[in-house]
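Asks: Handing you a structure now.
The values are calculated or read from the model by the stated rules, or taken from the named source; none is laboratory data. It should be emphasised that the depicted structure is a prediction, and the values quoted were computed from it without experimental measurement. Here the Cβ is made from the backbone with ideal geometry for all residues, glycine too, and neighbour counts use every protein chain on show. Quick note on the areas: whole protein, heavy atoms, side chains included, nothing else; ligands and nucleic acids left out. Shrake-Rupley method; radii C 1.70, N 1.55, O 1.52, S 1.80 Å.
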Amino acid sequence: MSAKPVEDHYASAAQRHFEDGVFLHDDGRLPNADHHYGFAAECALKSLLLRLVPEVSMGPKKPGKPPATKPWLPDPNDPNRALDLGHIQGMLDVLPWLLRGRAGAAVLAGLASHPAEFRAWSESDRYTDGSEVLEGTVVRRRLAAEEIVKLHNQQLGGVRP
C-alpha cells in the first residue's frame with residue numbers, strides 16, 4: 001500500500017467503485033453494478049468516519065497488536081470491546097451518534113434516506129447467481145451511492161484524493 005493515509009485509499013476506492021458501477025450498470029450487468037455501488041457507499045462512509053470522528057481509528061485495538069484492517073472505535077458501553085466498522089450495514093446503525101458537529105450534521109442531513117438503500121445489500125452477494133438483483137433496486141442504489149460519494153467529495157472540498 002502506498003504511503004497515503006488509509007482514508008485517502010477509501011476515498012479513491014469510493015470513486016473507483018462508483019465509476020465501475022456506472023460502467024457495468026450502463027452495460028446491463030446489474031449484479032456487479034449493484035455490488036460496486038454498495039462498496040462505493042461503504043468506502044465513502046469509512047473515509048468520512050476516519051476524517052470526522054476522532055474516536056474512529058485504524059490503529060491497533062490493543063497495545064502491542066498490529067494495526068487494524070478496518071476502521072473501529074471503542075464500544076462506549078464496554079471499554080474492553082471494539083466496534084468494527086467493516087461493512088456498510090454495521091456502520092448504518094452508528095452513524096447518527098458518530099457524526100456530530102457542523103460537518104457531521106451536514107453529512108447526516110444529506111444521507112437522510114440513502115443508507116436505507118443498503119440495509120439489504122451484502123458483500124456476500126458476490127457468491128450468488130445474481131438472479132435476485134432487480135433493475136429498480138440497482139437504480140435506487142446507484143442514486144444513493146452517487147449522493148453519498150458526492151457528499152463525501154464535498155466534505156473534502158471537492159478535491160479528489
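Asks: Give just the number: which of (1) surrounded by fewer than 23 Cβ atoms within 10 Å (Cβ to Cβ); (2) at pLDDT 90 or above; (3) not hydroxyl-bearing (Ser, Thr, Tyr) does Ala44 not satisfy?
Replies: Exception for Ala44: condition (1).
Asks: Which numbered condition trips up Trp121, out of (1) open to solvent by less than 50 Å² (accessible area, probe 1.4 Å); (2) modelled with pLDDT of 80 or more; (3) assigned to a helix (DSSP H, G or I); (4) in contact with a helix residue (DSSP H, G or I) (Cβ under 6 Å, 6 or more places away or on another chain)?
Replies: (3)
Residue by residue, here is whether (1) more than 15 Å from the chain's Cα centre (by Cα); (2) open to solvent by 50 Å² or more (accessible area, probe 1.4 Å) holds:
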position: Lys65; (1), (2): yes, yes
position: Lys70; (1), (2): no, yes
position: Asn80; (1), (2): yes, yes
position: His87; (1), (2): no, yes
position: Leu95; (1), (2): no, no
position: Leu99; (1), (2): no, no
position: Val107; (1), (2): no, no
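Asks: Within region 12-38, track down each residue that is of a type in the set (A, V, I, L, M, F, W, C) and either open to solvent by 40 Å² or more (accessible area, probe 1.4 Å) or more than 20 Å from Ser122 (Cα to Cα) (or both). Working first, answer last.
Replies: Step one: of region 12-38, the residues of a type in the set (A, V, I, L, M, F, W, C) are 13-14, 18, 22-24, 30, 33.
The answer is Phe23, and nothing else.
Asks: Moving to a separate point now. Hey, does region 65-76 have a residue that's of a type in the set (Asp, Glu), without any contact (Cβ under 8 Å) to a residue 60 or more places away in the chain and more than 21 Å from Val107 (Cβ to Cβ)? First the steps, then the outcome.
Replies: Keep residues of region 65-76 that are of a type in the set (Asp, Glu), which gives 75.
If we keep only those that are without any contact (Cβ under 8 Å) to a residue 60 or more places away in the chain as well, we get 75.
If we keep only those that are more than 21 Å from Val107 (Cβ to Cβ) too, we end up with 75.
Checked region 65-76: at least one residue is of a type in the set (Asp, Glu), without any contact (Cβ under 8 Å) to a residue 60 or more places away in the chain and more than 21 Å from Val107 (Cβ to Cβ).
Asks: Inside region 19-67, can you point out the residues that are of a type in the set (S, T, N, Q) and part of a helix (DSSP H, G or I)? Step through it out loud before you land on a result.
Replies: Pass one, region 19-67, residues of a type in the set (S, T, N, Q): 32, 47, 57.
The answer is Asn32, Ser47.
Asks: Among the residues of region 1-11, count how many are open to solvent by 90 Å² or more (accessible area, probe 1.4 Å) and not aliphatic (A, V, I, L, M).
Replies: 1
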